[in-house]
Amino acid sequence: MAPVTWNHLPPITWIATLDGQEVCTIKRKDIGGWTAGWMGERLWPAPSHLPKAMPQPTRFFGTLEEAKLAVEQALAA
């Protein structure tokens, strides 16, 4: 698999691109933290502390680095 490429759209958006296709958008929240939202059919798994929750297309992260790492790990799986 090709590596993830990150494109920055200042001031608050990062877009993950894989094989030339945009797959995920990370945006800074006004309240702090970041949300990563998949484009297309991909979903984040439900958090382990909420076993009855449904998978969601977006997920909250405390830092940009944490969000980017989670996206890269999800795409590598």
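The values are calculated or read from the model by the stated rules, or taken from the named source; none is laboratory data. Every value quoted in this text rests on a predicted model; they were computed, and no experiment measured them. Cβ placement follows ideal geometry from the backbone for every residue including glycine, while neighbour counts extend to all protein chains displayed. Accessible surface areas use protein heavy atoms only, side chains included; no ligands, DNA or RNA. Shrake-Rupley method; radii C 1.70, N 1.55, O 1.52, S 1.80 Å.
Here are a few things to note about the model shown:
- Condition check for GLY62: without any contact (Cβ under 8 Å) to a residue 60 or more places away in the chain and open to solvent by less than 40 Å² (accessible area, probe 1.4 Å): no
- Matching residues, region 23-62, being out of contact with any strand residue (DSSP E or B) (no Cβ under 7 Å at 6 or more places or on another chain) and either assigned to a strand (DSSP E or B) or within 23 Å of PRO11 (Cα to Cα) (or both): ASP30, ILE31, GLY32, GLY62
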